[in-house]
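Bear in mind these aren't lab numbers, they're just calculated from the coordinates by the rules spelled out. Owing to the predicted nature of the structure, the values given are computational and were not obtained by experimental measurement. Neighbour counts run over all protein chains shown; Cβ positions are idealised from the backbone, glycine included.
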Amino acid sequence: MRVMNLIHTLSIAMGASWVSGISLYASVAMLGLLSRFAHLELPGELQVLTNWWVIGIAVTLYVVEFIADKIPVVDSVWDVVHTFIRIPAGAVLAATAFGDFDKPVQVIAFLLGGGLAFSSHGTKAATRAIVNTSPEPVSNIVVSLTEDVIAIVAMLAAVFLPFLLFAVVAAGLVVSAIILPKIFKFFRQVIRSVRNFFSPVASSA
């Protein structure tokens, strides 16, 4: 029983953090709704996600993201901004899932969760930057819808088919490793954008 509980906790922690890098709001909304309507027992301190305010805000933001993610250039700007949201949130969700464990375990979960969110977010953003070089909008919409499907399937697998989720995350990490140079290029651009944004502020002060 303890082994099954550990697998359950690990699966949800991995699924929530990895999916957060793709669609944080879908991850939070699905966990909250599944707990409410499918009697899913959320591990650790994730029970807070069942609050209707949390669910409502997550669903609303997901709808906004769903629309923004289908518009070329807007989606890339959205990804840049969410670099500072998805990765920390993925780390927090993983640590919160292990809320019943000792602090060292929670810290490890925090670090690994952040790493998983980093890899999926970087892959998503780098892929979208490549797709956006195409002048037609169809490819952008297809890629975005594919990401939505992957996020939903991964969260369902995390809840009902843990070993399938492990396979999906492993495949995602392989893809991330393959396009690693493009991921680093994206994050360098993010750092450059942030530096340029604050440069006028610093010079005027």
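Things worth noting here:
- Candidate lysines for bridging to K185, where Cα separation is under 26 Å - those fewer than 8 sequence places away on the same chain excluded: K70, K124
- Counted charge near G99, where neighbours are those whose Cβ lies closer than 15 Å (Asp, Glu -1; Lys, Arg +1): -3
- Taking each DSSP H run with n ≥ 4 as -39500 (n - 2.57) and averaging over every residue of the chain yields -29500 deg cm²/dmol at 222 nm.
- Ordering R195, R36 by the number of other Cβ atoms within 10 Å of each residue's own Cβ, fewest first, gives R195, R36.
- Listed by chain and number, the aspartates and glutamates placed with their C-alpha closer than 19 angstrom to that of K182 are D75, D79, E147; residues fewer than eight positions away on the same chain are left out.
- Within the same chain, aspartates and glutamates fewer than 8 places from K103 are excluded, and of the rest, those with a Cα less than 18 Å from its Cα are E45.
- Each residue of region 20-27 was assigned a 3J(HN,Hα) from its phi angle through the Karplus expression (A = 6.51, B = -1.76, C = 1.60, θ = phi - 60°), giving 4, x, 9, 8, 4, 5, 5, 4 Hz with x at Gly and Pro.
- Packing-based order for 158-164, 20-26, using average beta carbon neighbours within 10 Å, highest first: 20-26, 158-164
- Coupling constants for region 101-113 follow from the phi torsions by the Karplus curve (6.51 cos²θ - 1.76 cosθ + 1.60, θ = phi - 60°), and in residue order they are 9, 5, 4, x, 5, 5, 5, 4, 4, 4, 5, 5, x Hz; glycine and proline get x.
- The stretch between S193 and I57 holds 46.1 nm of extra length on full extension. This uses 0.36 nm per residue minus the Cα-Cα distance.
- Rounded to the nearest Hz, the phi-derived 3J(HN,Hα) couplings of region 76-88 under the Karplus curve 6.51 cos²θ - 1.76 cosθ + 1.60 (θ = phi - 60°) are 5, 4, 4, 5, 4, 4, 7, 4, 8, 10, 5, 5, x, where x marks glycine and proline.
- Cα centre as origin, Lys/Arg/Asp/Glu Cβ charges: the chain dipole, Debye: 520 debye
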